[in-house]
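S.K.: Before I ask anything, let me first share the structure, which is written out below as structure tokens.
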Amino acid sequence: MPSPGSLYRGRVSLPMYNLPEMRPLNAAFWNALRVELARRGLGDTPEALDFERRPVPAEIEADTFFTQVCGYPLQTIYRGQATILGAPVYAAEHCSGAGHAGVFIVHRDSSCRQLADLRRCRFAYNSRHSNSGMNLPRRRLADIAGGKPFLGTVTETHSQPGNIEGVARGEADASCVDCVTYAFFRRHRPQLGDLTRVIAVTPPSPSIPFVTASRTPEHVKQCLREALFAVARSEQWENARAGLMLRDIVPVDPASYQIQLAYVQEAKDLGYPELA
């Protein structure tokens, strides 16, 4: 087991908000975190992020040092594999405190004006394990589906930015994406983003947390927490935060993410157990 001041290297990534245009911004954030870790005696951490890591990997590997993972699979396919370090507070529309939501989007010229207008549409979602892409829209649609299939076709694409692009290009009628993903897409790809609009918002959910592997030593977890909160609040890292629309990073009770499982049960109780 490594001790403060010794080598600690593992997998590091920020795959949730990772447009190619954002690589320098994510790298700046990781560099700030490395500096704060070194100040706490944890030096020689990995220099570069893994920009190829998928948002929904097969597992949270035991040597995962730092990453960001959707809270829904943390309770399902990744249960017991990661420890939550903190939750980000984003300066994006539909975020409240350390929370976010999914937004239903359609083409700017679509005739759809409200959620009910999506009946029998071509719907794209990123992953069956996604909270904002599948779980939250399933819960919202359960209120109007009447216990029956509501959408026309449902396609799993493995990319929320790709779904925004697909709606913009007319390849899908609608999608539901994380409101932070949507804000970054509109910022960095306005020509495509401006071809879409939001028609409805899902119930709220805790924001996507920063995590480390469960097997990470406890003193290292504490260093990571302290470094994260320092990056979130130190004047030195104002620019690193601004690039990622970060207002703060706060401690969070892991139990707060159980609301995502409550939404699963509520959708089942309404007769809508699958996004369909």
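The values are calculated or read from the model by the stated rules, or taken from the named source; none is laboratory data. On a predicted model such as this, the values are computed, not experimentally measured, just so you know. Neighbour counts are summed over all protein chains in view; Cβ atoms, including those assigned to glycine, are modelled from backbone coordinates with ideal geometry.
S.K.: Please go through the range 150-207 and pick out each residue that is crowded, with 16+ Cβ neighbours inside 10 Å and part of a loop (DSSP other than H, G, I, E, B).
M.R.: Answer for the range 150-207, where residues must be crowded, with 16+ Cβ neighbours inside 10 Å and part of a loop (DSSP other than H, G, I, E, B): Phe150, Leu151, Thr157, Ser159, Ala172, Asp173, Arg189, Leu195, Thr202, Pro203, Pro204, Ser207.
S.K.: Then there's this: Applying the selection to the range 130-170, what residues are charged (D, E, K, R) and touching a residue at least 40 places away in the same chain (Cβ under 8 Å)? Steps first, please.
M.R.: Residues of the range 130-170 that are charged (D, E, K, R), as a first pass: 138-140, 143, 148, 156, 165, 169.
Across the range 130-170, the qualifying residues are Arg138, Arg139, Arg140, Asp143, Lys148.
S.K.: Quick one: is Ala145 at negative phi, among the hydrophobic types (A, V, I, L, M, F, W, C), modelled with pLDDT of 95 or more and within 16 Å of the chain's Cα centre (by Cα)?
M.R.: On the way: at negative phi: yes; among the hydrophobic types (A, V, I, L, M, F, W, C): yes; modelled with pLDDT of 95 or more: yes; within 16 Å of the chain's Cα centre (by Cα): no.
For Ala145, the condition - at negative phi, among the hydrophobic types (A, V, I, L, M, F, W, C), modelled with pLDDT of 95 or more and within 16 Å of the chain's Cα centre (by Cα) - is not met.
S.K.: Could you go through the range 20-42 and let me know if any residue there is touching a strand residue (DSSP E or B) at 6+ places or on another chain (Cβ under 7 Å), surrounded by fewer than 22 Cβ atoms within 10 Å (Cβ to Cβ), within 23 Å of His158 (Cβ to Cβ) and not hydroxyl-bearing (Ser, Thr, Tyr).
M.R.: The answer is no, given that none of the residues of the range 20-42 is touching a strand residue (DSSP E or B) at 6+ places or on another chain (Cβ under 7 Å), surrounded by fewer than 22 Cβ atoms within 10 Å (Cβ to Cβ), within 23 Å of His158 (Cβ to Cβ) and not hydroxyl-bearing (Ser, Thr, Tyr).
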